[in-house]
Every structure is written in structure tokens, then in C-alpha cells.
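The values are calculated or read from the model by the stated rules, or taken from the named source; none is laboratory data. What you are looking at is a predicted structure, and each value in this text was computed from that prediction instead of being measured. For neighbour counting, all protein chains shown are included, and Cβ atoms are generated from backbone atoms with ideal geometry for every residue, glycine included. Calculation scope for accessible area: heavy atoms of the full protein, side chains included, ligands and nucleic acids excluded. Shrake-Rupley method; radii C 1.70, N 1.55, O 1.52, S 1.80 Å.
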Amino acid sequence: MKILFATNNAHKLSEVSEVLGDGFRLLTPRDCGVTEEIPETQPTLEGNALQKARYLHERTGLDCFADDTGLEVAALGGAPGVRSARYATDGHDFAANNRLLLKNLEGTTDRRARFRTVIALILNGEEHLFEGIVEGRIIDAERGAEGFGYDPLFIPDGGDKTFAEMSAEEKNAVSHRGRAVRRLAAYLHSIEK
Ligand code: IMP
């Protein structure tokens, strides 16, 4: 089965195709002649994931899916949330985002946070949403060199390692994105039969 995934990020592509397994061939927007930036201007993760999937479906007519992720910090009322990539600046400046997060949490004892991923799938013209959540906490200073984004500041519940101190396999086993993709995979496998 061929399915279009709304990313040109090679890392995400290999992570997702590994979980989906051999029966699926993932296409990228570039493979389908979509070279412009795909709009994501909605105020929620669900809205953005659907906006990206609908855009690709309209452009190509293909079955497709798109994901959107945010870090939701309890003491900050769920921020940075949908603005996680652009928290400190307009770009994807991970170091600046992490500095701002630590500054905004200075003196705060409630460090609870969660990552949430939403995947929107359009299959045979029908829309489906899949969610993956990992609960955890934000520490006081960065630890670890793996991963990306807020990984050096986030410890998932049940352990002492930050995501940036874990191997890709360890992180995938418990992460928001791993969980959402496994739900998508289970659905796609169930209708394939
Ligand atoms: P995206 O929707 O996957 O592009 O994620 C938006 C932003 O959330 C990224 O730019 C990162 O700042 C943050 N983010 C998403 N996933 C992760 C993760 O697994 N670890 C750390 N930060 C993440």
C-alpha cells in the first residue's frame, strides 16, 4: 500500500516507516511534486495535522497523513503547545526555546509536562485522528546529547533519564510520536486484511 506522509524530514520518515513495516511504501510531498511549504496556521495540534493532510489530499488525490506535536507544560497553562517549534523565535531554534522554557519555569515547583502528537489520516476520502501522549517533567538544566528539541529537559514518568539520554529505540518505545504512529499502524494493518 502506498501512502503519502507530510514530511520531507528523513529522520521522521525512517522512524515512521520502521513502525509501519514492509507492507507500506511511504511517499513524501517532494515525491509527488509538492515542493511549496505546506500551511500549518491553526490554533491546535489537531487543526494543524488536519490542515496539512487536507492540503496534500487536495493537491494529489492520494491517501495521506500528517502529524503535529507540542510540549504542554502544566504550570504554563499548556504552553508552548502548538507553538513549540516557534516558542522563542520564528525559526526552529531549539537552544533558544529551551532557554526560554527554563526562564519561564524559574522558581516553579510544579514541573509536570507532556508531549502530545496528533496524526491526521485521510484514507479513501475519510478523516481519522490518532493521538500519542507521554507524561513527564521538566528538569532545571539540560542533560544528554541525543534527540532534538526539548529532549534534554524532559524526563518521562517512570525513569530518571531525559529523552536526550536515551537511544532512539528507548525513546520510541515510550514517546508521544512512537505511540501515535503505532496507533496509526494498528489501524492501517487492521483495514488491510
Ligand atoms: P513537529 O510538529 O514534530 O514539527 O514538532 C514541533 C516542535 O515540537 C519541534 O520543533 C520541537 O521543538 C518539539 N518537539 C516535537 N517532538 C519532539 C520530541 O520528540 N522531542 C523534543 N521536542 C520535540
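Summary of values
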{"quantity": "Only one of Gly70, Gly107, Gly125 that is within 30 Å of Met1 (Cα to Cα) and open to solvent by 50 Å² or more (accessible area, probe 1.4 Å)", "calculated": "Gly125"}
{"quantity": "Filter result (open to solvent by 70 Å² or more (accessible area, probe 1.4 Å), assigned to a helix (DSSP H, G or I) and farther than 21 Å from Glu192 by Cα) within the range 1-22", "calculated": "Ala10, His11"}
{"quantity": "Residue under evaluation Cys64, criteria (1) in contact with a Leu (Cβ under 7 Å, 6 or more places away or on another chain); (2) open to solvent by 50 Å² or more (accessible area, probe 1.4 Å), criterion not met", "calculated": "(2)"}
{"quantity": "Residue that is nearest to the ligand (Cβ to nearest atom) [pool: residues in the range 92-101 that are among the hydrophobic types (A, V, I, L, M, F, W, C) and open to solvent by 40 Å² or more (accessible area, probe 1.4 Å)]", "calculated": "Phe94"}
{"quantity": "Hits in the range 41-61 - residues which are under 15 Å from Phe5 (Cα atoms) and surrounded by 14 or more Cβ atoms within 10 Å (Cβ to Cβ)", "calculated": "Asn48, Ala49, Leu50, Gln51, Lys52, Ala53, Arg54, Tyr55, Leu56, His57, Arg59, Thr60"}
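Listed here are the residues, each with its yes/no results for (1) in contact (Cβ under 8 Å) with a residue 40 or more places away in the chain; (2) assigned to a helix (DSSP H, G or I); (3) of a type in the set (Lys, Arg).
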| site | (1), (2), (3) |
| --- | --- |
| Pro39 | no, no, no |
| Arg54 | yes, yes, yes |
| Arg59 | no, yes, yes |
| Gly70 | yes, no, no |
| Thr89 | no, no, no |
| Ala95 | no, yes, no |
